[in-house]
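The values are calculated or read from the model by the stated rules, or taken from the named source; none is laboratory data. Quantities reported herein were computed from a predicted structural model and do not represent experimental measurements. Cβ sites come from the backbone with ideal geometry, for glycine too, and all protein chains shown count toward neighbours. The area values use the complete protein model at the heavy-atom level, side chains included, leaving out ligands, DNA and RNA. Shrake-Rupley method; radii C 1.70, N 1.55, O 1.52, S 1.80 Å.
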Amino acid sequence: MKKISTLMLLLLLWTMTACAPEAPVNDNGAMEIETAVSTTSSTTDPVGMGQMGQGRGRGMGKFHHAPIPEAYAGLTNPIPADEESIARGGETYATHCATCHGDGGMGDGPSGASLDPSPAAIAHTSQMMGDDYLFWRVSEGGLDDPFNTGMIPWGGILTEDQRWDVLNYVQALGNGQTMPAHNAGGAAFDEEEMAQQQEEMLATAVAATIITEDQAAVFASAHKIVDAAMMDKRGNGGGMGGMMTDTLPELVTAGDLTQSDADTFLLVHDLLEEAGLMN
Ligand code: HEC
């Protein structure tokens, strides 16, 4: 069994809604969490998180810590996220990505169901990670170390412009600028459900005395601030770096987050990781 010890909490939380391969979709296109029970519960799963439906979500968050190669670090999308670019990206997405990542970018496309790790909820990743990370991951894929996933390297298949266009589209999916096309299948990105999943995750961690209630509360509120800041940056179309490396320190500098809350945010993340809660 592959031990995945560094899954990042945030992505996991969001991707947990994309967990059950056959989860029903309600009238709003949102997955019904109660029935989204994982069938891939792990034996190294100390507190039964697998039963919370995280099976399909495991495995991609750890990559957000991977150092971005020099050739990609700092790149920002040169193509404005206008209607044309998003339309072009939408076509590429429907043809090449939706089958694994799902129509809504929730990681729940039909061809992704059997992959381990499962396809990432890239609609969410696109709000959390910088252009450089995204472009790197799309261009180079993840067939080799350190990823060893089913993600195809698109660098030799799609032109650079096509890759930037498709990222504009994925980001538009993630911030609600565009609605998913009905194509391959899968739920729409749903922020509220993601938040609910986070709550459940933290409650489980508190119950298992991995973190204290206070830490969970600080984490949850710090998380909202971080998330809003990431969305803002996206909305302004500016280039953005990673959450941990850029946004968190920026928020502290701006006085939006205390250093102590930022520290707790990272500590909670590490504690959950160490406890294997995020495998
Ligand atoms: C064969 C299935 C498959 C297809 C097709 C596919 N992907 Fe992926 N992709 C994956 C898997 C599996 C992962 C998760 C593991 C990982 O992060 O490497 C992934 C990861 C990613 C990531 C990194 C996400 C993160 O949170 O780190 C991005 C970005 C991405 N894919 C974009 C795309 C785009 C854009 C396309 C279409 C051009 C695409 N993928 C097509 C399987 C696929």
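On the basis of being modelled with pLDDT under 95, surrounded by fewer than 18 Cβ atoms within 10 Å (Cβ to Cβ) and within 8 Å of the ligand (Cβ to nearest atom), does residue 115 make the cut? It is true that residue 115 is modelled with pLDDT under 95, surrounded by fewer than 18 Cβ atoms within 10 Å (Cβ to Cβ) and within 8 Å of the ligand (Cβ to nearest atom). Among the listed residues 207, 216, which satisfies the condition of being crowded, with 18+ Cβ neighbours inside 10 Å and in contact (Cβ under 8 Å) with a residue 12 or more places away in the chain? Criteria check complete, one pass: 216. Among the residues of region 84-112, those that are near the ligand (Cβ under 7 Å from one of its atoms), over 22 Å from residue 160 (Cβ atoms) and either touching a Gly at 6+ places or on another chain (Cβ under 6 Å) or open to solvent by less than 40 Å² (accessible area, probe 1.4 Å) (or both) comprise 99, 112. On the basis of being at pLDDT 90 or above and either open to solvent by less than 30 Å² (accessible area, probe 1.4 Å) or among the aromatic types (Phe, Trp, Tyr) (or both), does residue 172 make the cut? When the stated conditions are applied, residue 172 passes them. Applying the criterion of being of a type in the set (Val, Ile, Thr) and open to solvent by 40 Å² or more (accessible area, probe 1.4 Å) to the residues of region 138-157, the residue that is farthest from the ligand (Cβ to nearest atom) is 157.
I need every pair where a residue in region 64-84 that is of a type in the set (Lys, Arg) has its Cβ under 7 Å from the Cβ of a residue that is modelled with pLDDT under 90, sequence separation at least 6 or different chains. Taking only residues 6 or more apart or on different chains, not a single pair turns up.
Just checking, does region 219-231 include any residue being out of contact with any strand residue (DSSP E or B) (no Cβ under 9 Å at 6 or more places or on another chain), surrounded by 21 or more Cβ atoms within 10 Å (Cβ to Cβ) and basic (Lys, Arg)? Taking every residue of region 219-231 in turn, none turns out to be out of contact with any strand residue (DSSP E or B) (no Cβ under 9 Å at 6 or more places or on another chain), surrounded by 21 or more Cβ atoms within 10 Å (Cβ to Cβ) and basic (Lys, Arg).
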